[in-house]
Amino acid sequence: MFRWMLAPMEDYTDNAFRTLCFKYGAELTFTEMAKIDGLARKNKATLNKIKILNSTPTEIQLVLGKEEMLEKFLKDFTPTDGFEGFNFNYGCPAPEITKLGRGCAMVKRISKTNRLIEIVKKYNHSVSIKMRLGETAYEKKMKAYLNLINNTNPDYFIVHARTGVETYSHKSDFSVFAECVDTGKIIIANGDIDTKEKTDELNRIGIQGAMIGRAAVRDPCIFNRLMGARELPTIEQLKKEYSDFAMLYSSDARHKKNVLMRMGQNFSPKALGNDA
C-alpha cells in the first residue's frame with residue numbers, strides 16, 4: 001500500500017494546515033520539528049509545537065540530543081487523540097543544528113540512534129526516521145544513508161534524496177531509492193515529488209509512500225490530485241477552508257501569513273500531474 005504523507009515544515013505545519021491536508025488525502029502528517037531539550041524542560045513555546053488538537057493522524061518530530069533528555073520527556077508524555085508516534089529529524093541542514101551534531105549530522109551516528117530508538121520503544125511508541133543522504137557529498141559517497149538504514153530498526157525511514165549541503169536548487173537524486181528499497185526496510189520517498197509520473201516510478205521500484213512538503217503548501221489538494229481525483233476545490237476555496245481551521249485552532253499570525261502567502265504560488269494543476 002502506497003502511503004501519502006505531509007512533510008514537517010517549520011512555521012507551516014500547525015494543526016490547521018495539517019487538518020486541511022488530511023482532508024485532501026494526506027494519510028499521515030507531522031508536527032514542526034521540536035527540540036528535545038525544550039520539551040524535556042517543559043518550555044511552553046516548544047510544547048506548543050507538538051500539540052495535537054484533533055484526530056488528524058500526526059507524528060511528533062523531534063530534534064534529538066542527549067538520551068537522558070528524551071527519557072525525561074517521555075516519562076511525562078501522555079499521547080492524545082491523533083498521535084501516531086515520534087519521528088526523528090535526521091534531515092535538518094541548518095548550521096545551528098548540525099554544529100551540535102544534530103539534524104542531518106545524526107545520519108552517521110548508528111550506536112546513538114539505536115539507543116534513542118530503544119528509549120522510544122520502551123514507552124511503547126512507534127518511531128520513524130526522516131533523513132538526508134548524509135551531511136556532505138563525501139558521506140553520501142560513502143553510503144552513510146545505507147549504513148543507517150541497514151543497521152537501525154525504526155518502523156520506517158523517510159529518505160530525503162539530498163545531502164545536507166544541497167539546497168532546494170539541487171535536484172533530488174532519485175537514483176538512491178532502489179538501493180534503499182533493497183535493504184528490505186520500509187522506505188518513504190521525500191524531495192521534489194510533485195507529479196504522478198514520479199510517484200508511479202517510486203511505486204514501481206518498491207517505495208511504499210511519498211512525503212510531500214513545498215508542493216503541498218502551494219496546493220494542499222496535491223495528495224488527492226496525484227491519486228487521480230478530479231473534483232477538487234479552487235485555491236481561493238482552500239484559502240477560505242484554511243482560514244476557518246486557523247481560527248478554530250488558534251493559529252498564530254506567522255503560520256497564517258506563511259501559508260496564505262504561499263498557497264497557490266506558481267501553482268499549475270497540469271504540472272502537478274492532472275491534465276484537467
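The values are calculated or read from the model by the stated rules, or taken from the named source; none is laboratory data. Because the structure is a prediction, the values reported are computed rather than measured. Here the Cβ positions follow ideal geometry from the backbone for every residue, glycine too, while neighbour counts run over all protein chains shown. Keep in mind that these areas ignore ligands, DNA and RNA; they rest on the heavy atoms of the full protein, side chains included. Shrake-Rupley method; radii C 1.70, N 1.55, O 1.52, S 1.80 Å.
Quick one: is Phe245 among the aromatic types (Phe, Trp, Tyr) and open to solvent by less than 30 Å² (accessible area, probe 1.4 Å)?
Taking the combined requirement at face value, the residue does not satisfy it.
Condition check ((1) among the small types (Gly, Ala, Ser); (2) more than 12 Å from Phe2 (Cβ to Cβ); (3) part of a helix (DSSP H, G or I); (4) touching a Gly at 6+ places or on another chain (Cβ under 7 Å)) across all residues:
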| site | (1), (2), (3), (4) |
| --- | --- |
| Ala210 | yes, no, no, no |
| Val217 | no, yes, yes, no |
| Gly228 | yes, yes, no, no |
| Glu231 | no, yes, no, no |
| Lys239 | no, yes, yes, no |
| Asp244 | no, yes, yes, no |
| Ser251 | yes, yes, no, no |
| His255 | no, yes, yes, no |
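Need at least 3 residues that are of a type outside the set (A, V, I, L, M) per element, so show me which strands (runs of 3 or more DSSP E) inside segment 1-114 make the cut, counting only ones lying wholly within it.
58-63, 83-90
Looking at Gly213, Gly273, Gly209, which one is at pLDDT below 95 and open to solvent by less than 30 Å² (accessible area, probe 1.4 Å)?
Answer to the check: Gly273.
Mind telling me which of the residues Asn150, Asn224 ends up being under 19 Å from Thr13 (Cβ atoms), open to solvent by 10 Å² or more (accessible area, probe 1.4 Å) and in a helix (DSSP H, G or I)?
Numbers: Asn150 fails: under 19 Å from Thr13 (Cβ atoms).
The conditions single out Asn224.
Within segment 166-182, which residues are farther than 13 Å from Arg132 by Cα and open to solvent by less than 70 Å² (accessible area, probe 1.4 Å)?
Result: Ala178, Glu179, Val181.
For segment 183-206, name all the residues that are open to solvent by less than 50 Å² (accessible area, probe 1.4 Å) and closer than 14 Å to Arg3 by Cα.
Scanning segment 183-206 gives Ile187, Ile188, Ala189, Asn190, Ile193, Thr199, Leu202, Gly206.
Test Lys196 against the criterion of being touching a residue at least 60 places away in the same chain (Cβ under 8 Å) and in contact with a helix residue (DSSP H, G or I) (Cβ under 6 Å, 6 or more places away or on another chain), and give yes or no. Before the answer, list the steps.
Working: touching a residue at least 60 places away in the same chain (Cβ under 8 Å): yes; in contact with a helix residue (DSSP H, G or I) (Cβ under 6 Å, 6 or more places away or on another chain): yes.
Answer is yes for this residue.
So which residues in segment 95-123 are among the basic types (Lys, Arg) and under 17 Å from the mean Cα position of the chain (by Cα), if there are any at all?
Selection gives Arg102 alone.
Starting from residues that are open to solvent by 20 Å² or more (accessible area, probe 1.4 Å) and assigned to a loop (DSSP other than H, G, I, E, B), keep the ones in segment 115-139 and report whichever is farthest from Thr58 (Cα to Cα).
Once the filter is applied, the top-ranked residue is Thr136.
Without any contact (Cβ under 8 Å) to a residue 60 or more places away in the chain, under 20 Å from Pro8 (Cα atoms) and hydrophobic (A, V, I, L, M, F, W, C): is that true of Ile117 in this structure?
Yes.
Quick test of your reading of the structure: Gly82 fulfils all but one of (1) closer than 29 Å to Thr195 by Cβ; (2) at pLDDT 95 or above. Name the failing condition by number.
Looking at each condition in turn, Gly82 falls short on (1).
Conditions first: (1) of a type outside the set (Asp, Glu); (2) within 30 Å of Gly134 (Cα to Cα); (3) in contact (Cβ under 8 Å) with a residue 12 or more places away in the chain. Gly38 passes all but one, so which condition is the exception?
Against the list (1) of a type outside the set (Asp, Glu); (2) within 30 Å of Gly134 (Cα to Cα); (3) in contact (Cβ under 8 Å) with a residue 12 or more places away in the chain, Gly38 comes up short only on (3).
Among residues belonging to segment 36-55 that are closer than 17 Å to Gly85 by Cα and either modelled with pLDDT under 95 or in contact with a strand residue (DSSP E or B) (Cβ under 6 Å, 6 or more places away or on another chain) (or both), point out the one that is surrounded by the most Cβ atoms within 10 Å (Cβ to Cβ).
Ile36
Suppose we filter segment 13-35 for residues that are open to solvent by less than 40 Å² (accessible area, probe 1.4 Å) and either farther than 17 Å from Pro79 by Cβ or without any contact (Cβ under 8 Å) to a residue 24 or more places away in the chain (or both); how many remain?
12
Somewhere in segment 83-94, is a residue free of Cβ contacts under 8 Å to residues at least 60 places away in the same chain and over 18 Å from the mean Cα position of the chain (by Cα)?
Scanning segment 83-94 turns up no residue that is free of Cβ contacts under 8 Å to residues at least 60 places away in the same chain and over 18 Å from the mean Cα position of the chain (by Cα).
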